[in-house]
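All remarks here apply to the structure that follows.
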Amino acid sequence: MYLSRFLSLHALWVTVSSVMQHYPSVWGHYDVCKTQIYMDEDKIWDYTACQPEAIDMMKHVKVNLDPPNITCGNPPETFCGMGNPYMCNECDATIDELAHPPELMFDAEGRHPYTFWQSTTWKGYPKPLQVNITLYWNKTIELTDNIVITFESGRPDLMILEKSLDYGRTWQPYQYYATDCLNAFNMEPKTVRDLSQQTVLEIICTEEYSTGYMANSKILHFEIKDRFAFFAGPRLHNMASLYGQLDTTKNLRDFFTVTDLRIRLLRPATGELYVDPQHLTRYFYAISDIKVVGRCKCNLHATGCKIENKKLLCECEHNTTGPDCGKCKKNYQGRPWSPGSYLPIPKGTANICMPSISSIGTPPKYDKIWPNISSLGVSNPNQANVCDNELQICQNGGTCHNNIRCQCPEGYTGVLCEKRSCDVDPDGCSESSGQGAISIQILLLLLPPIAPLGLSELFIF
């Protein structure tokens, strides 16, 4: 009896798993760009919006420090604990066990307390000890989780997190951090919990992560998920609502999009109101881990991102190309490029690039958009006829010219003269505008008899 129940449950699980594999976009992941569907004895591609999965972006990061000689160890120097100025260690760049280079901010042992990057100490006080740490990917990425910075020293008294959308040419603040926001930045202190749907893009200063040195207070956040929650709910269960907002509100989507991040360390942790000039070896910056999770921005035209010539590139589909799938391939410019859309939920809209009529020999002046039949594209156009006198018949009195275009009578337009000219006129059609045009649904019905006769090559499979 138990065996039969087990087998029944196993069969149910296999069935559910199969459904999930064939209809993954139902779950809102957008992880498939196209799916084969069957029509009678034929099969075609149904194109959908798609995006890469979120990954640890620190595996692909490059880092730059300014000033470049800010890392400790050259020459060797002593640094001491914040709580005990007499508990000291050495930093020496020539000895691996005592060196603290920048790559230890995101190495494989990044969460281990003994691997960390460290700056020089504040031996130049009262001159400010300031460091810019720039993280860059040479790629546009979309953040999907909180940015988390773990300090091996105390969290800084003053810091600004900045972002760039143009590969570091210009910068804008993401968030300010201070022990006293009003005094440091002339801003009232806030937390992300003080925001709302209407103010989610507000740049705030927070005092939440800038307390003095304590063993349990080394972590600093920039809250991505808390901002998502204003649209998707506290547990992010309503991702459809979030995707809808990202799709229709460009500023919101841009807010979570970056090419570079910059951590501006403006004042190290002091643990007190005043700096003790007798123990300047206590003041420095040390970071053991940085967490940045996101996905390659591919404009909803790819499910993967690859490394080519040490650069991240989208593995573009939908007849698109470019680092971000930001343009149509050659000979697929029958209509202007457009990003995919999350809407309608759950599959979105692929907005695939369509072949140009000129790609099969028609002069450029006849460039038009191929009819989009159930999201189909065109494959191998050099071996296909646009029209003939048997199956691909020009409608409404049109005549087929050399099998490459229909010459339409006055009042009609379209690849097969299937549209009334007035349909594309801003004033619309009146009852006297002529006979109704053949619909896309009628063209769709032509697919089964066309495919066995070898004309199915007209479509992408």
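The values are calculated or read from the model by the stated rules, or taken from the named source; none is laboratory data. This is a predicted model, so every value here is computed, not measured. Note that each Cβ is placed from the backbone with ideal geometry, even for glycine, and that neighbours are counted across all protein chains shown. Only protein heavy atoms, including side chains, enter the accessible area calculation; ligands, DNA and RNA are left aside. Shrake-Rupley method; radii C 1.70, N 1.55, O 1.52, S 1.80 Å.
Brief remarks follow.
- Protection proxy ranking, peptides 136-143, 168-175, average beta carbon neighbours within 10 Å, highest first: 136-143, 168-175
- With K and R counted +1 and D and E -1, the other residues having a Cβ less than 11 Å from that of Asp31 yield a net charge of 0.
- Rounded to the nearest 10 square angstrom, Ser241 shows an accessible area of 40 square angstrom against a 1.4 Å probe.
- Förster radius 56 Å - calculated FRET efficiency between Asn402 and Asp145, Cβ distance, rounded to 0.05: 0.45
- Local electrostatic count, Trp117, Cβ distance below 12 Å [Lys/Arg +1, Asp/Glu -1]: -4
- For Asp40, the solvent-accessible surface computed with a 1.4 Å probe is close to 130 Å², ligands and nucleic acids excluded.
- Built amide H within the under 5 Å cut-off of Ala99, gap 5+: Asp92
- Label-point gap, in nm, between Tyr274 and Glu77 - each point 7 angstrom along Cα→Cβ: 2.3
- The label point for Leu201 and the one for Lys330, both projected 7 Å from the Cα toward the Cβ, are 3.9 nm apart.
- Residues Lys218, Lys306 ordered from highest to lowest accessible area at a 1.4 Å probe: Lys306, Lys218.
- Calculated FRET value between Glu410 and Met39, using beta carbons and R₀ = 41 Å, to 0.05: 0.70
- Pairwise FRET efficiency - Arg235 versus Lys62, Cβ, R0 = 22 Å, nearest 0.05: 0.05
- Estimated dipole of the range 33-89 in Debye, rounded to 20 [Cβ of Lys and Arg +1, of Asp and Glu -1, Cα centre]: 380
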